[in-house]
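See structure below.
The values are calculated or read from the model by the stated rules, or taken from the named source; none is laboratory data. All figures in this text were calculated on a predicted structure; none of them were measured in a lab. Here the Cβ is made from the backbone with ideal geometry for all residues, glycine too, and neighbour counts use every protein chain on show.
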Amino acid sequence: MRWWTPCVVPVAMGLGALAQAQEERRWTPEELTKEMADIDRRLKAIERSLKPTDRRIAGLEDHERALRVKADLLELRVKTLEGALELLRKEVAALTGRTDALEARPAAGPPTPAPAEKGTPVPASIAVIRSQKVSMGADTITITGEVENKSGKPLVFVVVQAEFLDKAGKAVKTDSTYTEPRVIPAGAVGTFHLKTPGDPSIQDHRLSLRTE
């Protein structure tokens, strides 16, 4: 049985009764008008009784749509977190093999000079020297600056190598230092501080990046 059956049946019975009564006796126009107005009132009452149900159904549908939107947002957040976790796993895997070396080296203090020409050159697509400041004194040459890791993974033990040149562009000597921190995270920036004895013949320098 449908939900509207109890409401329609009385109206149908009333119409049936009206038709039967019409056959039994002749109705006057006034009586017919009155009877039809009464039926119209009944139909409007039934319609009013149905409206709260329709509103309830519409409200439930709106609630269902809102829940679906929330579910989609939660799914997107889960995917974002999974991507972040995957990046962390890769960084941990890259650092796992260097834990002993990290613990053996001092965590603080002045940068330790690295041997010249040691390690693998770092392409500009991986890391760049973002800025530098040079102070050339009679006894000491000091170079400070920043190194930016442009890759999607950490750079371990980044070496800043300096080649010092004379007036003719010939190499006089080389020196190098590590960045701080020693491991530059993906997309992060490290600093360096290179201090080396001065030489009157030194007129210029070139910097390059290497990794052990």
Q: Please indicate, with yes or no, whether at least one residue in the stretch 157-179 is part of a loop (DSSP other than H, G, I, E, B) and touching a residue at least 60 places away in the same chain (Cβ under 8 Å).
A: no
Q. Somewhere in the stretch 193-202, is a residue closer than 28 Å to Ala94 by Cβ, touching a residue at least 24 places away in the same chain (Cβ under 8 Å) and buried (at least 17 other Cβ atoms within 10 Å of the Cβ)?
A. yes
Q. Here are some conditions: (1) assigned by TED's automatic domain parsing to the domain that holds Thr196; (2) at negative phi; (3) modelled with pLDDT under 75. Pro106 meets all but one. Which one does it not meet?
A. (1)
Q: Evaluate the following for Leu18: is it touching a Cys at 6+ places or on another chain (Cβ under 8 Å) and at pLDDT below 75?
A: no
Q: Kindly provide the set of residues from the stretch 180-212 that are assigned to a loop (DSSP other than H, G, I, E, B) and charged (D, E, K, R), ordered by number.
A: Arg182, Asp199, Glu212
(Q) Any residue in the stretch 135-149 that is under 12 Å from Glu180 (Cα atoms) and assigned by TED's automatic domain parsing to the domain that holds Asp204 sitting within a Cβ distance under 8 Å of a residue that is among the aromatic types (Phe, Trp, Tyr) and modelled with pLDDT of 90 or more? List the pairs, counting only those 6 or more apart or interchain. (A) Thr144/Phe192; Gly145/Phe192; Glu146/Phe192; Val147/Phe192
